[in-house]
1. Just to confirm a number: summing +1 for Lys and Arg and -1 for Asp and Glu over residues other than residue 84 whose beta-carbon lies under 14 angstrom from that of residue 84, what do you get?
2. Going 7 Å from the Cα of residue 143 toward and past its Cβ, which residues in the stretch 158-188 have a backbone nitrogen under 12 Å from where you end up?
3. Taking the convex hull of the alpha carbon atoms in the stretch 117-192, what volume per residue do you get, in Å³?
4. How much length is gained on full extension from residue 102 to residue 51, taking 0.36 nm per residue of separation minus their Cα-Cα distance?
5. If only Cα atoms are counted, what is the Rg of the stretch 27-106, and what is its Dmax, in Å?
6. By per-residue mean of other Cβ atoms within 10 Å, what is the highest-first order of 90-99, 67-76, 164-173?
7. Which order do the peptides 41-53, 24-36 come out in when sorted by mean C-beta neighbours inside 10 angstrom, highest first?
8. If packing is taken as the mean number of other Cβ atoms within 10 Å per residue, what is the order of 137-145, 118-126, 154-162, highest first?
Amino acid sequence: RGGAGAAGEEEGVEFPSEQVQTDEEYLMELEKQLSDEEKEVRRQQSLSLKDKGNQLFKDQDWCSAERVYSEALSLCPLSFNSDRAVLYSNRGAARVHLGEKDKAIADCTKALELKPDYLKALLRRAELYEQTDKLDEALDDYKKVLERDAHNSTARGGAMRLPPLIHERNEKLKEEMMSKLKDLGNMILRPFGLSTNNFQLNQDQSTGAYNINFVQNPNNNNR
């Protein structure tokens, strides 16, 4: 096995460049010319590279692991969805350690397109969404994990932790928006000797509708 792996990784495979970019259109055209046997050979070569990437990952050589996973993706035929999903997920994990969170999210998303029930990729994307302040997307992914694995502690923690954070963020955004609207209103009203303080916004508790009342001397109401 070791000899076959070495041949697949070094002598028997030509890679387009150091920074391999997986081009699915190129692979699609290439595979039209390949027999099933030749596709299987390319699959085995990609699996050998995956093993090499996994070892580099364990050795914490994230940069080399990411490169090798990319090389494996440039080989693995498009028809092997599950194999390609694992490669995308593994490359995403390497990119997390390289600080490339947006690229890691893209890899997890691609893995899930190929393998929708891939919980590891779904959970990793949820955590990455949370780390990049995409809280709504993170909560959605955590809920999807729980639909498939109700006892997943990481997903349960996220599903409990995020709703109040999302509410707090939305309230803060609402306050910022109202402050900006107030500034704009004051700018418009200033030439008329008025400000937004001259207008009181009252909500009708029975209907939820708002009424605006004009106040001639708003400062006197505070005395």
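1. Working: positive: 39, 42, 43, 50, 91, 110, 115; negative: 23, 24, 31, 71, 83, 107, 113.
In short, 0.
2. 159-160, 163, by backbone N distance to the label point.
3. Details: hull volume 6.4 nm³, N = 76.
Once divided by residue count, the hull of the stretch 117-192 is 85 Å³.
4. Values: separation 51, 0.36 × 51 = 18.36 nm, distance 2.47 nm.
Length gained, residue 102 through residue 51: 15.9 nm.
5. 13.0, 40
6. Working: 90-99: 20.9, 67-76: 24.8, 164-173: 11.4.
Descending packing order for the listed peptides: 67-76, 90-99, 164-173.
7. Working: 41-53: 20.2, 24-36: 11.3.
In decreasing order of mean packing, 41-53, 24-36 become 41-53, 24-36.
8. Working: 137-145: 19.9, 118-126: 22.1, 154-162: 16.7.
Going from most to least packed, we get 118-126, 137-145, 154-162.
None of the figures in this text is laboratory data; all of them are computed from the coordinates on show. Since this is a predicted model, take the numbers as computed values, not measurements. Ideal geometry is used to build each Cβ from the backbone, glycine not excepted, and the neighbour counts take in all protein chains shown.
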